[in-house]
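Here is the structure we will look at, set down as structure tokens.
The values are calculated or read from the model by the stated rules, or taken from the named source; none is laboratory data. These figures come from a predicted structure and were not determined experimentally. Ideal geometry is used to build each Cβ from the backbone, glycine not excepted, and the neighbour counts take in all protein chains shown. SASA here: full protein model, heavy atoms, side chains in, ligands and nucleic acids out. Shrake-Rupley method; radii C 1.70, N 1.55, O 1.52, S 1.80 Å.
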Amino acid sequence: MNPRPVRHLGAMLAAAMLGAALVAGSGGCATPPTGGSTVVETGGIERIAASQRAAPVKLDGRLLDGTPWRLADQAGKVVVVNVWYSTCGPCEAEMPLLERAWKQLSAKHPDLRFMGIDFGESPESGKSALARYGTTYPSLSDESRTLTLGLQGKANATPTTLVLDRQGRIAARVTGAVTSESTLVGLIEDVLAES
């Protein structure tokens, strides 16, 4: 028997264990398995000056209940986009913070929207998870794993939270789990305050 495959298997297991450790340490999940490579990013906050923002993102899809939704219809509003899936522990951990931020800010700012993107699972799984979390803002279904492609490479790990300005441009990003409600609220309020 050729020992080479065994050595490769050991190397693959070691790489998988290292990847899992990096994910656990970053406060983020690896993307759900697809048979391809897994992207893992460390947690962090990025603010993007208005003069440095890329073109507006394109985001069209269907909510978990099947209703069509288009970002273009939200022109003039600040939109917070959170990429998640139901078996991601950090996604579940951050949901109460996102919900509290949504309730706090939406009461004062009718020009604010929150939108989840349920990545890589059935709408039924996503709906069940949101009911369990007590999340009241809607989520798009991304069972086909294509919606995040329109987010300009800024959502390569789950969870990721993006704050889009009134033109639909990415103004801020939290990679990994949101661990501070006040930090998230501050990021959103900064964008809401822009003229």
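Observations, loosely collected:
- Matching residues in region 61-90 - criterion: being within 17 Å of Ala155 (Cα to Cα) and free of Cβ contacts under 8 Å to residues at least 60 places away in the same chain: Ser86
- Just one of the listed residues (Gly134, Gly153) is of a type in the set (Gly, Ala, Ser) and closer than 23 Å to Gln52 by Cα, namely Gly153.
- Residues within region 70-81 that are in contact with a strand residue (DSSP E or B) (Cβ under 8 Å, 6 or more places away or on another chain) and open to solvent by 30 Å² or more (accessible area, probe 1.4 Å), tallied: 3
- Residue in region 114-125 that is more than 18 Å from the chain's Cα centre (by Cα), modelled with pLDDT of 95 or more and in a helix (DSSP H, G or I) present: yes
- Total residues in region 154-184, condition among the small types (Gly, Ala, Ser), part of a loop (DSSP other than H, G, I, E, B) and under 14 Å from Val79 (Cα atoms): 1
- Check on Ser144, open to solvent by 50 Å² or more (accessible area, probe 1.4 Å) and not in a loop (DSSP other than H, G, I, E, B): no
- Candidates Gly153, Gly176, Gly134 - the one that is on the phi > 0 side of the Ramachandran plot, open to solvent by less than 10 Å² (accessible area, probe 1.4 Å) and either touching a Pro at 6+ places or on another chain (Cβ under 7 Å) or among the small types (Gly, Ala, Ser) (or both): Gly176
- Among the residues making up region 82-101, a single one is among the β-branched types (Val, Ile, Thr) and open to solvent by 10 Å² or more (accessible area, probe 1.4 Å): Thr87.
- Extreme residue, least open to solvent (accessible area, probe 1.4 Å), among residues of region 115-131 that are in contact (Cβ under 8 Å) with a residue 60 or more places away in the chain and in contact with an Asp or Glu (Cβ under 6 Å, 6 or more places away or on another chain): Gly126
- Meets criteria (in a helix (DSSP H, G or I) and open to solvent by less than 10 Å² (accessible area, probe 1.4 Å)) for Leu187: yes
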